[in-house]
1. So which residue, out of A:Val99, A:Val120, A:Val43, gets the largest mean-square fluctuation from a GNM of chain A using Cα contacts under 10 Å as springs?
2. Mind listing the phi-derived Karplus ³J(HN,Hα) values for the stretch B:66-77, rounded to whole Hz, using 6.51, -1.76 and 1.60 with θ = phi - 60°, and x for any glycine or proline?
3. Find how much the distance from A:Thr87 to A:Gln12 grows on full extension, using 0.36 nm per residue of separation minus their present alpha carbon separation; answer in nm with one decimal.
4. Taking θ = phi - 60°, what integer Hz values does the Karplus form 6.51 cos²θ - 1.76 cosθ + 1.60 yield along the stretch B:32-47, in sequence order, with x for Gly and Pro?
5. If the chain between B:Lys110 and B:Phe60 were fully stretched, how many nm would it gain, using 0.36 nm times the residue separation less the Cα-Cα distance?
6. Provide A:Glu7, B:Glu20 in ascending order of the number of other Cβ atoms located within 10 Å of each residue's Cβ, fewest first.
7. Compute the long axis of helix B:5-18 from its Cα atoms, compare it with the longest principal axis of the Cα atoms of chain B, and write down the angle in degrees, 0 to 90, nearest 10.
8. Remind me, relative contact order of chain B in percent, using alpha carbon pairs under 8 angstrom and six or more residues apart?
2 protein chains.
Amino acid sequence: MEKHELESLLEQADAAWNEEDINSILDTYDEDATLVVQPGMNVRGKQQIRKAVEAIFNHFNHTLCVKQRDITVIEGSETALVLARATISANQMGEAPFVQERKSTYVYRKKPDGRWLCVVDNSYGVDLLS
Amino acid sequence: MEKHELESLLEQADAAWNEEDINSILDTYDEDATLVVQPGMNVRGKQQIRKAVEAIFNHFNHTLCVKQRDITVIEGSETALVLARATISANQMGEAPFVQERKSTYVYRKKPDGRWLCVVDNSYGVDLLS
């Protein structure tokens, strides 16, 4: 099966997160996008997302590593629901390594110029229902 | 917390499914929406969704009952990721009753006239990754 362009985009996004390349990370979001920082805590809009991403980098002592696989794309009406298994790991100073497996859910919109941008970033998936 | 209008829409959609009111069901979808009928089987566009919904009614011997709760809405850029616990039950003739619990994922788009329409209906949620 041909690779969906959103698969490549998610791989590029992983690389940007792992390099702490905040401008490339922000380029993946639409202006009015929402990021679920943690269950019960959402931020909306690129300015708030920038602050949250910086806080996440600090929280993980700049050792965050994100790896997504089994990326599944369901498209409808210039919109896509993207599902992926995500492994989030970090080496926090003086503590045991942090490793978390998530089944993540993202929503992307195809803009008139053909670019896909993330409008809802919920790496926690349906665990928000717990 | 005030009830999100998408919560009311999902409750109305449940009622339409349970009454086999196919025109009201189709009114909840955008023209180019995608419905995940079962893992690995998607249909796209209202005409195909109509056929699939009729097939689902037949499959369950016209006893399908859908009930959604804990509806969680995450909005960004005129788009919403909606999560819900869904109970799907049916009394199939001569067989044990069918009951399935799902953690469902839906994507809605807000149209220029303010109406929300479903663009991706994936009641199986992240179970598609299994």
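We did not get these values from a lab; they are worked out from the coordinates using the rules stated. Because the structure is a prediction, the values reported are computed rather than measured. So basically every Cβ, Gly included, is an ideal-geometry build from the backbone, and we count neighbours across all protein chains shown.
1. A:Val99
2. After applying 6.51 cos²θ - 1.76 cosθ + 1.60, I find 10, 9, 10, 8, 6, 5, 10, 10, 10, 9, x, 6 Hz.
3. Details: separation 75, 0.36 × 75 = 27.00 nm, distance 1.53 nm.
This chain segment gains 25.5 nm when fully extended.
4. Residue by residue, the stretch B:32-47 yields 9, 5, 10, 10, 7, 6, 7, x, x, 10, 10, 10, 10, x, 4, 5 Hz.
5. Numbers: separation 50, 0.36 × 50 = 18.00 nm, distance 3.18 nm.
So the chain would gain 14.8 nm between B:Lys110 and B:Phe60.
6. Numbers: A:Glu7 17, B:Glu20 14.
Result, fewest neighbours first: B:Glu20, A:Glu7.
7. Compared with the principal axis, the helix lies near 20 degrees.
8. Numbers: 232 pairs, mean separation 29.1, N = 130.
It comes to 22 percent, rounded to a whole number.
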